[in-house]
Amino acid sequence: MAKRALITGITGQDGAYLTKLLYEKGYEVYGLLARRSTDTLWRLRFLDVLDKIELIDGDMTDVSSLVRVMHKAKPDEVYNLAAQSFVYTSWYQPILTGQVTALGVTNLLEAIRQTNKEARFYQASTSEMFGLIQETVQDENTSFYPRSPYGVAKLYGHWITINYRESFDMFCCSGLLFNHESPVRGIEFVTRKVTDAAARIKHGKQKELRLGNIDAKRDWGFAGDYVEAMWLMLQHDKPEDFVIATGTTTTVRDMCRIAFEYLDMNYEDYVVIDKKFYRPAEVDELLGNPAKAKKLLNWEPKTDLQQLIHMMVDADMVRVSKE
Ligand code: NAP
Ligand code: G4F
């Protein structure tokens, strides 16, 4: 019998890559689809998986819909990827961020507990919880210090996941994933904003690129590699939490350089610093240690930052040329 998986956040970057991975592994894939007035299915089309899955209406803030989705999908595994995931927006919509990204996790855990507590659960935790870093290299034992309403909401989601594991003997795991990107990354995130702008500038469709703090450092990996780690966590013999990262950190400035150089341009000729994109509180630096995932899950990143940025620039060059 094929295993059944339910993915919340299926229309997002990770949802699309995870759908592809699980479909290729022979799973029946169900996705929670929030009602929107515009098309949110483009990523599932891009990865050619839209016609291979079943989408079920519901919302993370509406527990009745989550119970209905659980009854319909009858999943063996539930991957909770849904969130208001853009850090910048979380200062301007802190309550919505809390309702979706924090309490939404409890809504889903309750729906699972009340319908089928044997289902395995993955929670999309984040390196943003480390925030004002307490150690130069962050791992599963590093203390948290979130710096945004998003980071605070995710920390709640992280701890409620641990609490359900310890209280109700449920198979609940958290992946503490560091930044991961791809050609279907949302345009508001810095890597995609840069690769899209580089492609537009190359095609003569844009003149400059306005950015905020380009001295911030991130540990960037490829979303396609990271969704495999999510799946591996739920195949492990016991529920645990894992850091997923590359172990390399790079400034936004150097990431820009990689993107522009690939198109034979110098980023310094086009990047304009704009205070509008600075945040009320910044996460200056993130660097993860994925040793536990390597040891227990045999997981390693396969794509380095240069390969990733080139892949994203290539995709944006094709997109821009078709406009
Ligand atoms: P994303 O592209 O922003 O996708 C977010 C998903 O959540 C979308 O499918 C969105 O649906 C859905 N969603 C938002 N509000 C919802 C609601 N009220 N009810 C139901 N669905 C809702 O995020 P991502 O980059 O794929 O990240 C996936 C998860 O991993 C998120 O939880 C994120 O916080 C976390 N994470 C991401 C990273 C990273 O670097 N990418 C790192 C660590 C953790 P619509 O399409 O309809 O808006
Ligand atoms: O690409 P970003 O918006 O990602 P951020 O804030 O690190 O959050 C992402 O990764 C988290 C994991 O650590 C996830 F949990 C979260 O959901 C999301 O996927 O910004 C990266 C850095 C920041 O320091 C920001 O200040 O880039 C800096 N930056 C500089 N100029 C900019 C810009 N970020 C954006 N989005 N836009 C700019 O113009």
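The one condition from (1) free of Cβ contacts under 8 Å to residues at least 60 places away in the same chain; (2) surrounded by 21 or more Cβ atoms within 10 Å (Cβ to Cβ); (3) among the β-branched types (Val, Ile, Thr) that Val283 does not meet is (1).
Contact map, segment 1-20: residues that are more than 14 Å from Gln123 (Cα to Cα) and of a type in the set (D, E, K, R) paired with residues that are at pLDDT 95 or above and assigned to a helix (DSSP H, G or I), Cβ distance under 7 Å, separation 6+ or inter-chain. Pairs shown: Arg4/Ala73. Among the residues of segment 312-323, the one identified as surrounded by fewer than 19 Cβ atoms within 10 Å (Cβ to Cβ) and under 18 Å from Trp220 (Cβ atoms) is Asp314.
Looking only at segment 76-108, residues that are part of a helix (DSSP H, G or I) and either within 13 Å of ligand 1 (Cβ to nearest atom) or outside the structural domain of Ala16 (by TED's automatic domain parsing) (or both) come to 17 in all.
Those residues that are within 14 Å of ligand 1 (Cβ to nearest atom), open to solvent by 70 Å² or more (accessible area, probe 1.4 Å) and not aromatic (Phe, Trp, Tyr), I need them from segment 28-60; list them, please. Arg35, Arg36, Ser37, Thr38, Asp39, Arg45, Asp57 - these are the residues of segment 28-60 that are within 14 Å of ligand 1 (Cβ to nearest atom), open to solvent by 70 Å² or more (accessible area, probe 1.4 Å) and not aromatic (Phe, Trp, Tyr).
Given the condition in contact with a Leu (Cβ under 8 Å, 6 or more places away or on another chain) and open to solvent by less than 80 Å² (accessible area, probe 1.4 Å), answer yes or no: does some residue in segment 300-311 qualify? No, because not a single residue in segment 300-311 is in contact with a Leu (Cβ under 8 Å, 6 or more places away or on another chain) and open to solvent by less than 80 Å² (accessible area, probe 1.4 Å). Within segment 130-181, if we keep just the residues that are over 25 Å from Pro239 (Cα atoms) and in contact with an Asp or Glu (Cβ under 9 Å, 6 or more places away or on another chain), the residue that is least open to solvent (accessible area, probe 1.4 Å) turns out to be Ser148.
For segment 11-40, the set of residues classified as assigned to a loop (DSSP other than H, G, I, E, B), closer than 19 Å to Asp225 by Cβ and under 18 Å from the mean Cα position of the chain (by Cα) consists of Gly12 only. Among the residues of segment 41-61, is there at least one that is within 20 Å of the chain's Cα centre (by Cα) and assigned to a strand (DSSP E or B)? Scanning segment 41-61 turns up at least one residue that is within 20 Å of the chain's Cα centre (by Cα) and assigned to a strand (DSSP E or B). Look at segment 116-137: where a residue is over 21 Å from Leu18 (Cβ atoms) and a partner is of a type in the set (A, V, I, L, M, F, W, C) and open to solvent by less than 20 Å² (accessible area, probe 1.4 Å), sitting 6+ places away or on another chain with Cβ atoms under 6 Å, you get Lys117/Met170; Gly131/Val283.
When residues in segment 80-98 are screened for being within 10 Å of ligand 2 (Cβ to nearest atom) and within 10 Å of Pro149 (Cα to Cα), 4 of them pass.
Of all residues in segment 81-108, those satisfying the criterion of being open to solvent by less than 20 Å² (accessible area, probe 1.4 Å) and among the β-branched types (Val, Ile, Thr) are Val87, Thr97, Thr101, Val105.
Suppose the filter is free of Cβ contacts under 8 Å to residues at least 40 places away in the same chain, in the same structural domain as Asp169 (by TED's automatic domain parsing) and in contact with a Gly (Cβ under 9 Å, 6 or more places away or on another chain); does Ser65 pass it? Taking the combined requirement at face value, the residue satisfies it. All of Ala73, Ala111 fail the test of being open to solvent by less than 70 Å² (accessible area, probe 1.4 Å), in contact (Cβ under 8 Å) with a residue 24 or more places away in the chain, assigned by TED's automatic domain parsing to the domain that holds Tyr150 and within 13 Å of ligand 1 (Cβ to nearest atom), apart from Ala111. Taken across segment 231-245, residues that are open to solvent by less than 20 Å² (accessible area, probe 1.4 Å), part of a helix (DSSP H, G or I) and not assigned by TED's automatic domain parsing to the domain that holds Phe171 do not occur at all. The sole residue among Glu135, Glu118, Glu166 that is assigned to a helix (DSSP H, G or I), over 18 Å from the mean Cα position of the chain (by Cα) and among the charged types (D, E, K, R) is Glu166. Answer yes or no: is there a residue in segment 176-192 that is closer than 23 Å to Gly131 by Cα and more than 14 Å from ligand 1 (Cβ to nearest atom). Taking every residue of segment 176-192 in turn, none turns out to be closer than 23 Å to Gly131 by Cα and more than 14 Å from ligand 1 (Cβ to nearest atom).
The values are calculated or read from the model by the stated rules, or taken from the named source; none is laboratory data. Just so we're clear, the structure is a prediction, and the values are computed from it rather than from any experiment. Please note: Cβ atoms are built from the backbone with ideal geometry, for glycine as well, and neighbour counts cover all protein chains shown. For accessibility, only protein heavy atoms count, side chains too; no ligands or nucleic acids. Shrake-Rupley method; radii C 1.70, N 1.55, O 1.52, S 1.80 Å.
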